[in-house]
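Take a look at the structure below.
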Amino acid sequence: MTEGTRTAARLLIVGPQGSGKGTQGVRIAESFGIPVVSTGDIFRANIKQGTELGQKVTAILDAGDLVPDELTSEIVRDRLSQEDAENGFLLDGYPRNTTQVGHLDEFLAGRGEALDAVILLDVPREESIARLRLRAVEQGRSDDTEEAIAHRLDIYENETAPIISVYEERGIVDRVDGVGSLDEITERISAALTARGLRELV
Ligand code: AMP
């Protein structure tokens, strides 16, 4: 691709925990040549490194609660201001409620930008729980306890799901069936984005 004609795709992937949005997000971002901005990954990296931010959010993540909106939005603004996000990005895990949608709108509008598409990965609650239990065994994530899993799914249904109607009103939501093989699901997402006129690099 020649200079000046780089693909710009500003994407958000949404779905309940255990929907596979992390895995699919990485695949899609790679094919568009854009960075994944995952707030969960940023928080976990800070916890691992023992930074001030990490210390502040450890208990919140372990309980499956949400980190305060202002703090989260500030971290995302900083990340999106880095050079590699200039031509696009894929957000995973942010915004997670309507307040954060407002923060993101304001930030992007300030740059004359807006989200191009919101990929919604549809997975039934029972399937999400089963996948999270498996991940708890495989990865040993400290917030994958039974209690925290149920709590996070409740927060998703009560706080995160409402952001979908906000984006649906803007006509940018692509609802994708999240049950199937990894390749099948990636293919469904790609097809939806292509139909929207968003071009992949490869
Ligand atoms: P995730 O990896 O997206 O499931 O996020 C893991 C945890 O990080 C969540 O359960 C929250 O505690 C925190 N977190 C991630 N993204 C956000 C966000 N946008 N707002 C508030 N808390 C968040």
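The values are calculated or read from the model by the stated rules, or taken from the named source; none is laboratory data. Here the structure is a predicted model, which is why all the values come from computation and not from measurement. Backbone-built Cβ (ideal geometry, glycine too); neighbour counts: all protein chains shown. Only protein heavy atoms, including side chains, enter the accessible area calculation; ligands, DNA and RNA are left aside. Shrake-Rupley method; radii C 1.70, N 1.55, O 1.52, S 1.80 Å.
Descriptive notes on the structure:
- Residue tally, condition in contact with a Pro (Cβ under 8 Å, 6 or more places away or on another chain), among the aliphatic types (A, V, I, L, M) and assigned to a helix (DSSP H, G or I), over region 52-91: 1
- Scanning region 85-131 for residues that are of a type in the set (Asp, Glu) and over 25 Å from residue 187 (Cβ atoms) gives 86, 105, 106, 113.
Okay, residues lined up against (1) more than 22 Å from residue 163 (Cβ to Cβ); (2) among the charged types (D, E, K, R); (3) touching a residue at least 40 places away in the same chain (Cβ under 8 Å):
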residue: 87; (1), (2), (3): yes, no, yes
residue: 94; (1), (2), (3): no, no, yes
residue: 97; (1), (2), (3): no, no, yes
residue: 111; (1), (2), (3): no, yes, no
residue: 127; (1), (2), (3): no, yes, yes
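- Any hit, region 3-16, residues being farther than 28 Å from residue 127 by Cα and polar (S, T, N, Q): yes
- Residues that are surrounded by 15 or more Cβ atoms within 10 Å (Cβ to Cβ) and without any contact (Cβ under 8 Å) to a residue 40 or more places away in the chain, drawn from region 54-76: 54, 56, 57, 58, 60, 67, 69, 72, 73, 75, 76
- Identity of the residue in region 68-89, near the ligand (Cβ under 10 Å from one of its atoms) and touching a Ser or Thr at 6+ places or on another chain (Cβ under 8 Å), that ends up nearest to residue 38 (Cα to Cα): 76
- Lone qualifier among 10, 27 - being under 17 Å from the mean Cα position of the chain (by Cα), open to solvent by 50 Å² or more (accessible area, probe 1.4 Å) and at pLDDT 95 or above: 27
- Note on region 92-202: enclosed helices (runs of 4 or more DSSP H) holding 1 or more residues that are crowded, with 16+ Cβ neighbours inside 10 Å and modelled with pLDDT under 90 are 125-139, 146-155.
- Unique match (being near the ligand (Cβ under 10 Å from one of its atoms), of a type in the set (D, E, K, R) and touching a strand residue (DSSP E or B) at 6+ places or on another chain (Cβ under 8 Å)) among 92, 144: 92
- In the set (1) in contact (Cβ under 8 Å) with a residue 24 or more places away in the chain; (2) open to solvent by less than 50 Å² (accessible area, probe 1.4 Å), the condition left unmet by residue 51 is number (1).
- The numbered conditions (1) near the ligand (Cβ under 8 Å from one of its atoms); (2) in contact with a helix residue (DSSP H, G or I) (Cβ under 6 Å, 6 or more places away or on another chain); (3) modelled with pLDDT of 95 or more are all true for residue 64 except (3).
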